[in-house]
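The values are calculated or read from the model by the stated rules, or taken from the named source; none is laboratory data. Quick caveat: nothing in here was measured; it's all calculated off a predicted structure. In this analysis, Cβ positions are derived from the backbone assuming ideal geometry, glycine residues included, and neighbour counts consider all displayed protein chains. Only protein heavy atoms, including side chains, enter the accessible area calculation; ligands, DNA and RNA are left aside. Shrake-Rupley method; radii C 1.70, N 1.55, O 1.52, S 1.80 Å.
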Amino acid sequence: MRKLITCSLLIFFLLSQISLAQRKGKGMMRGNFQGTISGTVIDNHDKKPLEYTNVVIFSKRTNKMVTGTITNKDGKFKLEKLMPGMFRIELKYIGYEKVIVDSVKLTPKNKNLDVGEVYIKRAAFATEAVNVTAEKQAIQYKIDKKVINVDQESTTISGTATDVLRNTPSVTVDIEGNVSLRGSTNFTVLIDGKPTILEPSEALEQLPASTIENIEIITNPSAKYDPEGTSGIINIVMKKNKLAGLSGAVNATVGLDDKYGGDVKVNYRNSNYSIDFGADYNKRYSPGDRYSKDITQYEGNTTELIKNGTSSRSRKSYGLQFGFNYNISDNHNFSIGARYGDRDMEGDETTTITEIKSSENSYISKGERSRGGDFYRLNFDYQWKFNNPEHKLDLQFQKSNRDFDELDKTELINLDNSIIEGYYSEEGGPADNYRAKLDYILPIGENGKLEAGAHTQKRKSDEFNKSYQYDPTVNDYVTSDLYSNESMYERNIHSIYGLYKNQIGSFGYQLGMRAELTDRKIAVEGQEEFTFDRWDYFPTIHFSYEIEKQTQFMASYTRRIVRPRGWYLEPFETYFDAYNVRRGNPGLDPQYINSMEAGVNKFTKWFSFSAEAYYRVLENKIERIRSVYAENVFLNTYENVGKSYSLGLELMFKFEPLSFWSLTTMGNVFKYEQEGELDGRSFDNESTNWNARINSDFMLCETTKLQMNMWIDSPSKNAQGERKGIFVVNAALRHEFIKKKLFATLQLRDLFGGFKHEFESYGPGFQSFAEFSRKSPMVTLTFSYRFNNFRDRSKSEREDMEMEGVD
């Protein structure tokens, strides 16, 4: 710990001295000179001021950028704290021609210069075709990420972030809503760049799609990011209003089979501060059918168990959020935010069970499961910009809490309605998380940038588990001490990082290194403590090369880590239904991933193409292992079983064959191999996996849009089984009633009932087959109303995003 603190202080001291030296040098050059250049930008067509025009000033002597700003609601701009010299001003606005104001000179006698009104013309292509091409692409490829623009996904607008990801390259979602990124469920979810307190799939499931601006898929993050997660980061960027005044949006959804929800977002903004308030509620009910067949051998006896029945799952969530952002000055900004929510998942099933041993018996199984509770997050952010807007210091602090309870109950009922067996368990307890970040960015030269920082996080949870078993002698449930426990889990992670990036002509590079100390302790009442203490190092390398305009080659290497989740480590046994016992493994080692990627992107006005090859090696692979625990009962635990290798290629192609029709195809194919052994048993396996997405958009008229999408997932294998393939077709029709204000979207998902889960598993003493299908199609209708100026990102807002560096 002393080493970590010493390294952090040393880095911060050195960077502070560099910063101070630069500021002193610049101050000596400037003396008391404080020049300003101002002006007003006017639309040449309608003679109205243009808000959010991008204004950048360059030195004529060095041809380097000096500073920049954007125009306010009156089209006015002001560039301050300028040294004497000759300058060139460039003004840009999406959909308009670039304007250059050349040879602007500041002298001690003329240090406050107003260039007056600058008229900017609309680009020549701004004809009727703009109605099609001005829309954001559904998927945009950046140098280190993919950006999914949610407003372009009509087939998912009434759903959640999980539904949006079903149509996303690199991502797959199974029938129960579990998300995988390039075949792995181990990834990190961020919300506006901040970690969520929920598990990844839970966090994505409780965010309404209508409140999301875009989703960023980062498969090879730099050293600046937390290296947790096998396959990278999914960052959810929530909608924000950049315009002044009061504005907001309201969305309401209703659907068949008890599906409904809604959300509201209100924003007030002026030149100095902004206030945000939001609320959302969502309920989704999913009925379905289940079938399974298990054959087990235990103590010389063979049992065949056939289950056939119905099930339902209900997910309910609501949340409130508040945010306040204040510009103390041009160089100082702070914001505070809070979110409170509650999430509940309930499921029940009624199954007819046929048990075949020496004779055949039939009975009914009834199961109930619920998991949920409340959570909150508080965050504080402070940003200090130095004289150069790119030279800044960011401080973030976050405190979060989650208090979830889980209940599982299973009863086997005889044909005379009497209880044969019954199991009932409760788990719960609060979990507290604290995170603090200090990030420093120092521009070096024309394009260079040095970034460094220190991050720390602390997690602590106190959990209980109580198990009960039905006792026919008292006709009630009694406590089972063998399966009841109390435990404490604590984990601290301290890290420091540094990276340098630069652009030399068409060639760009970024080199980084991150060091992390993990300190973990698990204590179970009446048992020994389990501890873990280790330093880990994570290098990252990124390269890019612009082959020609709008064509770019990229390559990267990163090392990442996956630490076992809390319930993977619990060293005790728990019944979670009549046929399954869970036991954690406190001796699990973290998984380490070496990931390499290389790709090329090509973008033109009419089509976009992307091809990415990747290779990933995973060490200390953690697998869920099933074995026979007792007659008809499985034991589920976790083990490190070896290595896995994934070699794949992702392709994306979008084009517009006709003015009213655009087509996007995405595909991913990868070769998967696993090498491993456990207790003398081989876990080697290999498979070739692939998936494909096809999205088709039709503009039926100026106010009506039809969207169709189809996706296919191939079968895939793991250490103990194989999942069957999936085929799904969705459709949506969106109509605009009041321009940019009122919309209605009719959505039909899984039109042909192809979204089903079929899985085979096998191991010593058992063989299983399971199938689950949900009721389809799912039909929902969503109404969206936006008042004042809260609307889809206009071209001015997109320029604003570019100005702020938002990718």
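Counting only residues that are touching a Ser or Thr at 6+ places or on another chain (Cβ under 9 Å) and of a type outside the set (D, E, K, R), segment 435-455 holds 7 of them.
Residues that are open to solvent by 70 Å² or more (accessible area, probe 1.4 Å), more than 22 Å from Ala613 (Cβ to Cβ) and among the basic types (Lys, Arg) do occur in segment 667-682, at least one of them. Taking the options Glu702, Glu639, name whichever one is under 30 Å from Gly587 (Cα atoms), over 26 Å from the mean Cα position of the chain (by Cα) and open to solvent by 20 Å² or more (accessible area, probe 1.4 Å). Sole residue among the options that is under 30 Å from Gly587 (Cα atoms), over 26 Å from the mean Cα position of the chain (by Cα) and open to solvent by 20 Å² or more (accessible area, probe 1.4 Å): Glu639. Note on segment 51-64: residues that are without any contact (Cβ under 8 Å) to a residue 60 or more places away in the chain, buried (at least 16 other Cβ atoms within 10 Å of the Cβ) and not β-branched (Val, Ile, Thr) total 1.
Matching residues to (1) farther than 24 Å from Ile218 by Cα; (2) touching a residue at least 60 places away in the same chain (Cβ under 8 Å); (3) acidic (Asp, Glu):
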| residue | (1), (2), (3) |
| --- | --- |
| Ser610 | no, yes, no |
| Arg616 | no, yes, no |
| Ile625 | yes, yes, no |
| Glu631 | yes, yes, yes |
| Leu649 | no, no, no |
| Phe653 | no, no, no |
| Leu658 | yes, no, no |
| Met666 | no, yes, no |
| Leu678 | yes, no, no |
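For segment 639-670, filtered to residues that are among the hydroxyl-bearing types (Ser, Thr, Tyr) and at pLDDT below 85, the residue that is farthest from Asn695 (Cα to Cα) is Ser659. The number of residues in segment 240-268 being touching a residue at least 24 places away in the same chain (Cβ under 8 Å) and either assigned to a loop (DSSP other than H, G, I, E, B) or open to solvent by 70 Å² or more (accessible area, probe 1.4 Å) (or both) comes to 10. When Lys98 is tested against (1) charged (D, E, K, R); (2) modelled with pLDDT under 75; (3) within 36 Å of the chain's Cα centre (by Cα), only condition (2) is not met. Taking segment 364-406 as the range and being open to solvent by 30 Å² or more (accessible area, probe 1.4 Å) and aromatic (Phe, Trp, Tyr) as the test, the residues that pass are Tyr376, Phe380, Tyr382, Trp384, Phe397. Note on segment 531-568: among residues that are acidic (Asp, Glu) and at pLDDT below 85, the one that is farthest from the chain's Cα centre (by Cα) is Glu548.
Taken together, Leu395, Leu412 contain a single residue that is at negative phi, touching a strand residue (DSSP E or B) at 6+ places or on another chain (Cβ under 6 Å), of a type in the set (A, V, I, L, M) and at pLDDT 90 or above, which is Leu395.
Among the conditions (1) touching a strand residue (DSSP E or B) at 6+ places or on another chain (Cβ under 7 Å); (2) open to solvent by 50 Å² or more (accessible area, probe 1.4 Å); (3) more than 23 Å from Ile191 (Cα to Cα), Thr351 misses just one, which is (2). In segment 583-602, which residue that is under 25 Å from Thr540 (Cβ atoms) and among the small types (Gly, Ala, Ser) is most open to solvent (accessible area, probe 1.4 Å)? Of everything passing the filter in segment 583-602, Ala598 is most open to solvent (accessible area, probe 1.4 Å). Among the residues of segment 605-629, those identified as within 12 Å of Phe766 (Cβ to Cβ) and open to solvent by 20 Å² or more (accessible area, probe 1.4 Å) are Arg626, Ser627, Val628, Tyr629.
Considering Tyr340, Tyr326, Tyr291, the condition of being free of Cβ contacts under 8 Å to residues at least 40 places away in the same chain and either in a strand (DSSP E or B) or touching a Gly at 6+ places or on another chain (Cβ under 8 Å) (or both) is satisfied by Tyr340 alone.
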